[in-house]
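The values are calculated or read from the model by the stated rules, or taken from the named source; none is laboratory data. On a predicted model such as this, the values are computed, not experimentally measured, just so you know. Glycine also receives a Cβ, built like all others from the backbone with ideal geometry; neighbour counts cover every protein chain displayed. Ligands, DNA and RNA are excluded from the accessible area calculation, which covers all protein heavy atoms including side chains. Shrake-Rupley method; radii C 1.70, N 1.55, O 1.52, S 1.80 Å.
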Amino acid sequence: MNVLYTGAASGIAKEVICNLKDDKSVFWYLTVHTDKQLIHVKKQYQKNKNIAVMKLDITNLEDYHQLDYLDIDVVIHNAAVGFGGSLFDMSIDKVKENYETNVFGTLRLTQYLFLKFQKQKHGRMIFMSSLASILPISFIGSYASSKASLVMIAKTLQREAKLLGFPLDIIVIEPGLYHTGFNQLLFESKKMRNDCFQLQKERIEKEEKLLLFLEKKNLKSIVKQISRAIYEPYPLSIYRAPLFQSIGAKLYQILFW
Ligand SMILES: NC(=O)c1ccc[n+]([C@@H]2O[C@H](COP(=O)([O-])OP(=O)(O)OC[C@H]3O[C@@H](n4cnc5c(N)ncnc54)[C@H](OP(=O)(O)O)[C@@H]3O)[C@@H](O)[C@H]2O)c1
């Protein structure tokens, strides 16, 4: 099985590879975002014969051509960016940037790979969304709404895939809060353009601290769900972790949506 993993230099992806790289039945095409990451990640896996690393910016169509002659069975759409700020006054350019990577980049690559999957008559697409797509959190609306869009895109593709004459699995992963540095950057990037939340500054900072406190330092639970999405012959349409955050988010959705 050949797996293409986007944005695989760090965080959750790095932990998944670390756990699964010894399985010689899987060949990994790890894609990274920058030249610096390419040098670093190539070095990191130089001893692993079942890992190839390439630079692929999911927003850059020209980068996709490297994939043309590769056999790919599974893609994990992991690459993402997160920009914080209030949707009341956040720069629309920043929101667009968020969507350009998380939604349009992911969808563009999905369409590109679909042609390959259609030719080979099988494939699996795994979309990394977030529990933030069902549980609204103040000041990360740009990121969270891009992840919610991704869920609807995947759910629609799931229905459409059922009409195809070959097996194409579409799977969503919704992680809760995990300590990878992603959430810190998300909160730090929050810049209020006007001062309308000045009086609530303390409260906002307290809430952020609480969220960061809830981050799971151990990534095992999300690695397990991603492994299930890769390997299970009859995968679920959605996997979530960690358990308590997933139950909390689902309860919120049932009670307050
Ligand atoms: N950590 C969490 O609590 C959490 C919770 C819910 C969902 N998630 C989702 O899980 C996935 C992995 O997140 P993570 O926490 O492991 O953070 P991460 O290490 O920052 O992973 C995201 C990766 O995507 C790369 N990337 C950004 N823009 C890209 C582009 N245009 N083309 C290719 N790669 C690009 C990043 O590279 P740069 O570093 O160069 O930007 C980074 O390596 C993301 O989809 C995230 O939304 C994470």
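Just want to confirm a number: the relative contact order over the chain, from Cα pairs under 8 angstrom separated by 6+ residues, in percent.
With pairs under 8 Å counted, the relative contact order is 20 percent.
Heavy-atom accessible area per residue, the chain, 1.4 Å probe: how many Å²?
55
Tabulate in residue order the Karplus-calculated ³J(HN,Hα) for segment 71-77, using 6.51 cos²θ - 1.76 cosθ + 1.60 with θ = phi - 60°, rounded to whole Hz; enter x for Gly and Pro.
8, 10, 9, 9, 10, 10, 7
Report the Stokes-Einstein translational diffusion coefficient (µm² s⁻¹, integer) for segment 43-140, Rh taken as the Kirkwood radius over Cα pairs, at 10 °C with viscosity 1.306 mPa s.
Stokes-Einstein gives a translational diffusion coefficient of 101 µm²/s.
HN-Hα J couplings of segment 39-44 from phi, Karplus 6.51/-1.76/1.60, θ = phi - 60°, integer Hz, Gly and Pro as x?
Computed from phi, the couplings for segment 39-44 are 4, 5, 6, 4, 4, 4 Hz.
Where does each of 194-205, 125-136 land if you order them by average Cβ count within 10 Å, highest first? Provide the component values of the computation, followed by the final result.
On the way: 194-205: 11.0, 125-136: 22.8.
Final packing ranking: 125-136, 194-205.
Leaving out ligands, DNA and RNA, what percent of the accessible area of the chain is carbon and sulfur, probe 1.4 Å?
Percent of accessible area from carbon and sulfur atoms in the chain: 59.
Give me D for the chain in µm² s⁻¹, whole number, from Stokes-Einstein with Rh from the Kirkwood sum over alpha-carbon pairs, 4 °C and 1.567 mPa s.
68
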